[in-house]
Structure formats: C-alpha cells, structure tokens
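In what follows, a structure is listed as structure tokens, so that the remarks can point back to it.
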Amino acid sequence: MNKALVITKLISLLIAGILVLSMAACSGNTDTSETVEETQAAAAAADEATHPAAATTSDATEATVKKLTEADITINETIENSVGGEHAITADGESLSYSNTKVVKTGDSEQNDEADFYGDNAAIFATNGGTLDLSDVVVITDGTHANAVFSYGEGTTVNISDSYIKTSGNCSGGLMTTGGGTMNASNLTIETSGRSSAAIRSDRGGGTVTVDGGYYSTSGTGSPVIYSTADITVSNAELTSTASQGVVVEGKNSVTLNNVTLSADNNTKNSDKSDWYQAVMIYQSMSGDAAQGTSSFTMNGGTLTNANGDIFFVNNTTTDITLSGATIINNDSEGYFLRAAAAGWGSEGSNGGQVNLNASKQTINGDMLVDDISVLNLYLKDGSIFTGAINSDGQAGDVYVELSGGSKWTLTADSYITSLTCDADSIDLNGHTLYVNGVAYTAGTSSAGSSIEFTVSSGGHGGGDKPGDGGHNDGGTPPAKPD
C-alpha cells in the first residue's frame, strides 16, 4: 500500500473519530474515553506519517488530570479532632480502611520534631507496621504542624486514592512520610497554603513515596510541591508552586518525575543562605535530616516551566540529573538552565555542587554556570540538542562535555570547559569561541577527553536552615520514636 493511501486512510479515521465524539456529546453520553483515545491515536499516526521528522522524543504524552474539589466526593461519615498532638484516625500496628469519610483536624503541635519526624498532630496517622487504605476521603487541617496523612516507620503503609486534601497551617504537608514508611497515592488533589508545607513531603528517615495522577499545589513560602528526603516517584500528575521551588531534593535521596506537568514560580525567600531562585533545588542542608551522598533527579517526558530564576540549582552535594524527552521552559531570560555553586549550606570552600547531567533525546536551552568549587560532567546523548553557553565569563569549575549519538551543541557565547569528547560535526561555534582547558577548539574537529571524578565528602555541620519545608539542626539519623 503506498504512503499517500495510508495517510488518506488515517485522516479518514481521524475525521470519523471526531464525528463519533461529537454525536456522543450531543446525545448526553459522557463515557467517551475510548473514542477520544482512538481519535488521538489516529491523529498521532496521521501526523507521524505526514511529518515523520516531527515525531516526539518521548513515548509518554503529557498528563491530563482532573482537579478534584470537596464537592466531588460523597461523604457518609465525618471524623473530627481538635486536640493538639492527637489524631483523628490512627492505625497503630493494625490494618484499617476508610472510604467516603471527611476528616477535620484543628489544633496545634508545639513539639516540632515530634510532629515532623514522628507524626504528632497529624490528621491521619499510621505507625508500627500498620496499614491504612483510604479512598474517596476529604482531609482538612487548620493548625500548625498539622500534616494531613502521615506514614511513619519501616513496614508501615498508607494507600490513598481519589481524595481531596487541604491544609492551611504552617508546617502542614499533604502527604508526609518519615522513618522508612511507605506512601502510595493515586488521583489526589492536594492544596496547601501554609509556610513550609509541601504537598508531597518527607522528613528524617525518609521512605518510599509513589504518586500516580492528580493535582498538587502549594502557595506558601518555603513550600515546594515536593520536598524529598526519601525516594519519591510521581507520574502522570500536575504540580504547581506559586511562591517556592517546584522540587527540592535534600541529601542522598531522589525524585523521579514521569510524564508530569510541573510549573514553578519561586519568588519568595525562606532562607538568607542563597541569593538565587530556582525551579529545582538539590542540596545538603547539614541539618542531619538527610544522609550525605549522591542524590538524583530524573525527568522522563512531561513539561517543566519555570517563572523566575534558574531551572536547576545544585549546592553542597553530589547529584545525578537525568533528563529524557522532557520539555523544559525557562520564562526568566536572566536565569540559568543549571547553576552549580556555593551558597550558605556546608563548609566554605567545599560546598559547591558536583553534577552528572545526563540528557537523552533532550532539548536544552539556556546557559550553565559552574563556579570554581563546583564540577559538571555533561553527557548529551541520542540526538540531544544544547543551545547555550557554559561559564561564559571565563574558566571556573571543572567541566567535561561529551556529545554522542548525533547530539549537537550550538554556542550562544564564548564558553570555557576543561575536557571535551565529540565528533567532528557535533559543535556549532556560531561565531563564538569554545576554550577547552584554555585552548580554543577548532571547528569541525573531533575530540576525546575524560570525565571528572567526584569526591563525596563527609562534610560537617554548617547550615541547618532549609530553603523550604524544614529548619531542623539536630543532627543524627532518625531512630525509632522515643518512649
């Protein structure tokens, strides 16, 4: 069958799908998901056949989520608690299930560590290997240190789905996981408005958090959508912050975003330790809340849109940033794509950022800055495209750049790096000069260099104040809750 006939048939399928969808809407049939999927598939196939070069670089399509309201959930039971330090629901070493339930928690906790590490004053609390299954619930908290849903300790699991959570007090996260607990969430809407109140939050001892679908937003100072001292994976969701970073990873922990729409507008400082704003911050506070070591941030597909400052800021830690087929947009023309630099955390002179940035089928627009105590290994693979400059003001920290698999780098200003691996056609100088270890690179030549080895330091205390969602300076690893 010739290509023209294939395209004609695919376009016909597309038109037929649109007609079916229109007829279903007119007849009042609201179950159109199958028709929509078929229509979208036909449209995608027709477009790829007509414009094969325009095929997307990621298998995932951008998530479409429904933002729930309290009115969307049928409530058969209401459970309230107004006593500071107490819970409305507790699963202590037992298995409990709740559905179509509204939980209202007021009252403050004056025990900061008890609340942040061990669940004091949380509306819904699971501990000691307990299991909580929650579906179609509404959780409203209005108090200081009044986290909504809390999983504490090894062997403890909370499963929550199709629910609405709203917190308005300071230090009151939506989902909170500590001490090695497990949190599984799907199709939630979480809205927080207090200071230091991440929608998806962890603290000392971390754990495993898996989120699929839903809408998660924060509007308070120092309240990123995700604050990770755990291993957190979020898929097919919408994340929005209007005052803080979108994501913060502290210490030897991770965040993975799959097919996520993330919008960040970090415009208010929660600490005086850094002069910069960013969408994603990766650091080590030295507070003792997160182990030292190599952290990771991974983004597969999806969209990250930044309103103010830099996209990535790495300070006082070592990290692996992996990007694959994501759309990344910085609406601040003065911001960097990546800033690896010293700030107020850690010991002066050894508190820069050490970054492995791995890009596959990825477009990167924007400059990178690596200060004189920071390090960058930049790997551009599988047809990745980088348009920007590195250390355009002159030689600073060590930088290795490796281009493979048809990847391209187009300079937008003079750039200074330490080592380079590339094919002869990998780099477009675009009228600028690329200095490799002080020597100008000759256009149209190949190069073979070596990556930079990192040193993971044990470090010392020298911070404590966090940019968001914390402020501890206690030291140590999370133990079992003291008697």
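The values are calculated or read from the model by the stated rules, or taken from the named source; none is laboratory data. Just so we're clear, the structure is a prediction, and the values are computed from it rather than from any experiment. Cβ: placed from backbone, ideal geometry, glycine included. Neighbour counts: every protein chain shown.
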>> Can you go through ASN316, ASN270 and tell me which one is farther than 21 Å from ALA396 by Cα, over 16 Å from the mean Cα position of the chain (by Cα) and buried (at least 23 other Cβ atoms within 10 Å of the Cβ)?
In response: ASN270
>> Would you confirm, using the coordinates I've provided, whether GLY85 is surrounded by fewer than 21 Cβ atoms within 10 Å (Cβ to Cβ) and in contact with a helix residue (DSSP H, G or I) (Cβ under 9 Å, 6 or more places away or on another chain)?
In response: yes
> Applying the selection to region 336-357, what residues are more than 19 Å from GLY383 (Cα to Cα), out of contact with any Ser or Thr (no Cβ under 7 Å at 6 or more places or on another chain) and assigned to a strand (DSSP E or B)?
Replying inline: LEU338, ARG339
>> Tell me the residue from GLU238, GLU250 that is touching a strand residue (DSSP E or B) at 6+ places or on another chain (Cβ under 7 Å), surrounded by 19 or more Cβ atoms within 10 Å (Cβ to Cβ), over 16 Å from GLU191 (Cα atoms) and charged (D, E, K, R), please.
In response: GLU250
> Do we have VAL65 as out of contact with any Lys or Arg (no Cβ under 8 Å at 6 or more places or on another chain), farther than 23 Å from THR229 by Cα and not assigned by TED's automatic domain parsing to the domain that holds GLY213 here?
Replying inline: yes
>> Cβ-Cβ under 6 Å, sequence separation 6+ or interchain: first residue in region 248-271 and in the same structural domain as VAL209 (by TED's automatic domain parsing) and farther than 21 Å from ASP203 by Cβ, partner at pLDDT below 95 and outside any loop (DSSP other than H, G, I, E, B). Which pairs?
In response: none
> Taking ASP372, is it out of contact with any helix residue (DSSP H, G or I) (no Cβ under 7 Å at 6 or more places or on another chain) and crowded, with 19+ Cβ neighbours inside 10 Å?
Replying inline: no
>> Here are the criteria: (1) closer than 21 Å to SER285 by Cα; (2) part of a loop (DSSP other than H, G, I, E, B); (3) of a type in the set (S, T, N, Q). Tell me which single one SER333 does not satisfy.
In response: (1)
> Could we say that GLY180 is farther than 16 Å from PHE150 by Cα, assigned by TED's automatic domain parsing to the domain that holds LYS105 and not charged (D, E, K, R) here?
Replying inline: no
> Out of (1) over 24 Å from GLY431 (Cα atoms); (2) free of Cβ contacts under 8 Å to residues at least 40 places away in the same chain; (3) among the basic types (Lys, Arg), the odd one out for LYS361 is which?
Replying inline: (2)
>> Return the pair list, or none, for Cβ contacts closer than 6 Å from residues in region 154-177 that are farther than 16 Å from LEU239 by Cα to residues that are buried (at least 24 other Cβ atoms within 10 Å of the Cβ) and of a type in the set (Lys, Arg), at least 6 apart or on different chains.
In response: MET176/ARG201
>> Of the conditions (1) closer than 21 Å to GLY388 by Cα; (2) touching a residue at least 60 places away in the same chain (Cβ under 8 Å), SER350 satisfies every one except a single condition; which number is it?
In response: (1)
